[in-house]
Amino acid sequence: MKHIFSLALCLSLSMTAFAQKKETSNAKDKMIVERFKNDYKKKNYKKFEGKILVKDNLVQFDNKVINYDTSDTTTKLLLEAGLIYPQLLTDYQMEKFLDETTDKTQKRFLKLQKDPRASFDVNNMKINDSDELVSLSTDPKIKRFKLVCNDSKILGTPIYIIELTNKGATKDTSTEEFIKNSKLTFLQQL
């Protein structure tokens, strides 16, 4: 009787373990899905038009720098193509502040400054990791990515979600070719 009870217990425990095959996504992934679902507004961002200089683990955009992990080829391609650059992120941070802040005094103070962009300046930021969000990239002409960053001016770990659009891409287009011929059409910080 003990053996039958032990066997039944083992079978019931193993059935529940095997039944949980579905992956559960973490809170950040759910937030990303919600952002694309609720806050999605396609916009065409300009590529960087200045001088781009690639050295070891950093990319210099005129006088601003973004560092990256050399093993992350996707980030290197995004930076070399001028799709992500410090001046773009600075402008994004400033627009985000102006859109989200309801305090009129802070907005007035910002307008009185000689260079209001200086408070939001992105320089020497590091992009630690970039991942393609494959589940959100169903159209071969659109790829979405998550960029995990480290910036001493921003508390916590800023995460940017971006969307690239390449009208000439097919399902057989390599990631490198896709990025080189694409436009940035969505940018948001989590």
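Please verify whether the range 51-63 includes one or more residues that are touching a helix residue (DSSP H, G or I) at 6+ places or on another chain (Cβ under 8 Å), open to solvent by less than 30 Å² (accessible area, probe 1.4 Å) and either over 23 Å from Leu190 (Cβ atoms) or at pLDDT 85 or above (or both). Among the residues of the range 51-63, at least one is touching a helix residue (DSSP H, G or I) at 6+ places or on another chain (Cβ under 8 Å), open to solvent by less than 30 Å² (accessible area, probe 1.4 Å) and either over 23 Å from Leu190 (Cβ atoms) or at pLDDT 85 or above (or both), which makes the answer yes. Looking at Gln87, Gln113, which is the one that is of a type outside the set (Phe, Trp, Tyr) and over 16 Å from Ile154 (Cα atoms)? The conditions single out Gln113.
Taken over the range 137-190, residues that are among the polar types (S, T, N, Q) and at pLDDT 90 or above amount to 10.
Residue check: Cys149 meets all listed conditions (1) within 13 Å of the chain's Cα centre (by Cα); (2) open to solvent by 50 Å² or more (accessible area, probe 1.4 Å) but one, namely (2).
Can you name the strands (runs of 3 or more DSSP E) wholly within the range 58-168 that have at least 2 residues being touching a Cys at 6+ places or on another chain (Cβ under 8 Å)? Walk me through how you get there before you give the answer.
Numbers: elements: 58-61, 64-68, 125-132, 142-150, 159-165.
In the range 58-168, 125-132, 159-165 are the strands (runs of 3 or more DSSP E) which contain 2 or more residues that are touching a Cys at 6+ places or on another chain (Cβ under 8 Å).
Evaluation of Ser25 against the conditions (1) surrounded by 10 or more Cβ atoms within 10 Å (Cβ to Cβ); (2) part of a loop (DSSP other than H, G, I, E, B); (3) modelled with pLDDT of 55 or more; (4) not hydrophobic (A, V, I, L, M, F, W, C) shows that the sole unmet condition is (3).
Within the range 82-92, identify whether any single residue is among the hydrophobic types (A, V, I, L, M, F, W, C) and open to solvent by 50 Å² or more (accessible area, probe 1.4 Å), and answer yes or no. Give the derivation first.
Restricting attention to the range 82-92, the residues satisfying the condition of being among the hydrophobic types (A, V, I, L, M, F, W, C) are 83-84, 88-89.
Next, from what is left, pick out any that are open to solvent by 50 Å² or more (accessible area, probe 1.4 Å): none.
No; the residues of the range 82-92 include none that is among the hydrophobic types (A, V, I, L, M, F, W, C) and open to solvent by 50 Å² or more (accessible area, probe 1.4 Å).
Within the range 169-190, can you find the residues that are open to solvent by 20 Å² or more (accessible area, probe 1.4 Å) and touching an Asp or Glu at 6+ places or on another chain (Cβ under 9 Å)? Hits for the range 169-190 are Thr175, Lys180, Gln188.
The values are calculated or read from the model by the stated rules, or taken from the named source; none is laboratory data. Because the structure is a prediction, the values reported are computed rather than measured. When we count neighbours, we look across all protein chains shown, and the Cβ atoms used for this are built from the backbone with ideal geometry, even at glycine. The accessibility values were calculated without ligands, DNA or RNA, using every heavy atom of the protein model including side chains. Shrake-Rupley method; radii C 1.70, N 1.55, O 1.52, S 1.80 Å.
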